[in-house]
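Trainee: Take a look at this one; I'll ask things after.
The values are calculated or read from the model by the stated rules, or taken from the named source; none is laboratory data. What you are looking at is a predicted structure, and each value in this text was computed from that prediction instead of being measured. Cβ atoms come from the backbone with ideal geometry, glycine included; neighbour counts cover every protein chain shown.
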Amino acid sequence: MKIAVTGGAGFIGSHLCEKLVEKHEVTAVDNFSSGLRENLPEKVEIVEHDIKEKGLEEIFQDKDVVFHLAANPKVNTFPDDRDKDFDENLEGTHNVLDAAETSNVEEIIFTSSSVVYGEDAEIPTPEDANLDPISMYGATKAGGEHMCSVYSEIFDIDLTIVRLANIVGGRNQKGVIYDFIHKLKDNPEKLVILGNGKQRKSYLHVEDTVEGFIKAWESDKTVFNIGSEDSIDVDGIAEIVAEEMDLEPEYEYTGGEKGWEGDVPEMRLSIEKLKNEGWRPEHNSSSSVRKTVQELLDR
Ligand SMILES: NC(=O)c1ccc[n+]([C@@H]2O[C@H](COP(=O)([O-])OP(=O)(O)OC[C@H]3O[C@@H](n4cnc5c(N)ncnc54)[C@H](O)[C@@H]3O)[C@@H](O)[C@H]2O)c1
């Protein structure tokens with residue numbers, strides 16, 4: 001098959017391209033705002049393009065499938081920047097859908113997030129829970145899902161939506177593990193932790209995540225959560241990072257239940273639906289975190 005991966009040079013996108021190119025012809029479409037060319041193997045064709053701009057039709061013209069990952073991946077850009085989530089995640093996704101439809105792409109895989117469920121969902125959260133986001137990032141991911149459903153319904157395009165927990169791995173360039181390592185490299189004596197350290201979430205290594213993407217794509221069902229079966233709190237992550245760096249820092253907390261405005265302090269997804277399709281994550285939250293710390297320290 002001929003597959004385009006938007007955001008293909010990014011953290012998750014590049015791992016996905018590596019996997020897909022084992023069996024398919026893969027084109028990574030990326031504006032390199034955070035993605036890196038060196039993330040991609042030679043066999044993957046690279047097209048530098050911003051999904052907000054016209055011209056996607058030509059790129060998608062001969063493609064059977066589009067995996068759409070390009071987005072503003074930062075969860076807390078709003079309200080400092082009031083436009084970015086809207087521009088990248090809604091306008092960008094609309095362009096991708098429109099170009100896919102006019103190019104007769106048969107299938108779209110949309111990358112959504114656990115944050116679409118908001119903070120009041122039952123835990124573990126099943127796929128049929130209400131979408132009730134509390135951040136602009138979450139709102140635009142939920143909006144992206146709905147736009148995908150409309151295009152799928154009206155134009156008869158196959159659709160898969162994956163809602164990801166916190167995905168971690170050695171190519172992380174942001175997130176709590178990356179931040180802790182860098183803070184401790186700057187000052188090994190003290191670690192400042194956002195919130196009270198009790199925010200508890202599910203973390204999954206990117207290798208398991210990519211297997212999950214493929215399994216979800218192969219299924220004839222539409223919406224899947226991808227995460228680990230358990231969760232870990234921020235204090236637990238700090239301990240693993242300190243242990244792997246052989247440090248005993250003093251912890252200082254900024255306070256409050258949330259790391260930032262719009263943060264969902266507890267998240268764990270039900271992954272039964274994808275497990276029923278035959279997928280099993282190899283890692284739990286703490287082994288995903290530990291493997292990532294080791295990979296980041298080796299980088
Ligand atoms: N990492 C996570 O924990 C996580 C969790 C839930 C959902 N997601 C979603 O997964 C996807 C990938 O995230 P990631 O963590 O790999 O982040 P990332 O920043 O590494 O990847 C995003 C990629 O998209 C590219 N991009 C951004 N805007 C673009 C544009 N306008 N045109 C073309 N390319 C553009 C970037 O250069 C980058 O290569 C995103 O949609 C993100 O919202 C990630």
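Trainee: Just to check your reading of the model, which residue among Pro41, Pro73, Pro79 is within 28 Å of Asp263 (Cβ to Cβ), away from the ligand (no atom under 12 Å from the Cβ) and not hydrophobic (A, V, I, L, M, F, W, C)?
Mentor: Working: Pro41 fails: within 28 Å of Asp263 (Cβ to Cβ); Pro73 fails: away from the ligand (no atom under 12 Å from the Cβ).
Exactly one of Pro41, Pro73, Pro79 is within 28 Å of Asp263 (Cβ to Cβ), away from the ligand (no atom under 12 Å from the Cβ) and not hydrophobic (A, V, I, L, M, F, W, C), namely Pro79.
Trainee: Being modelled with pLDDT of 95 or more, away from the ligand (no atom under 11 Å from the Cβ) and among the basic types (Lys, Arg) narrows it down to one residue among Lys52, Lys19; which is it? Lay out the reasoning, then the answer.
Mentor: On the way: Lys52 fails: away from the ligand (no atom under 11 Å from the Cβ).
Answer to the selection: Lys19.
Trainee: Need pairs with beta-carbon distance below 8 Å; first residue outside the structural domain of Val75 (by TED's automatic domain parsing) and within the range 115-133, second surrounded by 14 or more Cβ atoms within 10 Å (Cβ to Cβ) and assigned to a loop (DSSP other than H, G, I, E, B); sequence gap 6+ or separate chains.
Mentor: none
Trainee: With respect to Glu153, determine if the residue is away from the ligand (no atom under 11 Å from the Cβ) and closer than 22 Å to Glu211 by Cβ. It would help to see each step written out before you state the result.
Mentor: On the way: away from the ligand (no atom under 11 Å from the Cβ): yes; closer than 22 Å to Glu211 by Cβ: no.
No, not satisfied.
Trainee: Right, next: Return the residues of the range 169-213 that are within 11 Å of the ligand (Cβ to nearest atom) and among the basic types (Lys, Arg); say none if nothing qualifies.
Mentor: Arg171, Lys174, Lys201, listed by residue number.
Trainee: Taking the range 24-33 only, how many residues are closer than 19 Å to Phe110 by Cα and within 10 Å of the ligand (Cβ to nearest atom)?
Mentor: Residues that pass the stated criteria total 4.
Trainee: How about the range 240-269: which of its residues are surrounded by 14 or more Cβ atoms within 10 Å (Cβ to Cβ) and touching a strand residue (DSSP E or B) at 6+ places or on another chain (Cβ under 6 Å)?
Mentor: Pro249, Tyr251, Tyr253, Glu266, Met267, Leu269
Trainee: Within the range 35-86, work out how many residues are among the aromatic types (Phe, Trp, Tyr) and more than 18 Å from Met147 (Cβ to Cβ).
Mentor: Taking the range 35-86 first, the residues among the aromatic types (Phe, Trp, Tyr) are 60, 67, 78, 86.
So of that shortlist, the ones also more than 18 Å from Met147 (Cβ to Cβ) come out as 78.
The number of residues fulfilling the criteria is 1.
Trainee: Among helices (runs of 4 or more DSSP H) lying entirely in the range 188-288, which contain 1 or more residues that are at pLDDT 95 or above and assigned by TED's automatic domain parsing to the domain that holds Ile161? Don't jump to the end; show me each part of the working.
Mentor: Numbers: elements: 206-218, 234-244, 272-275.
Hits in the range 188-288: 206-218.
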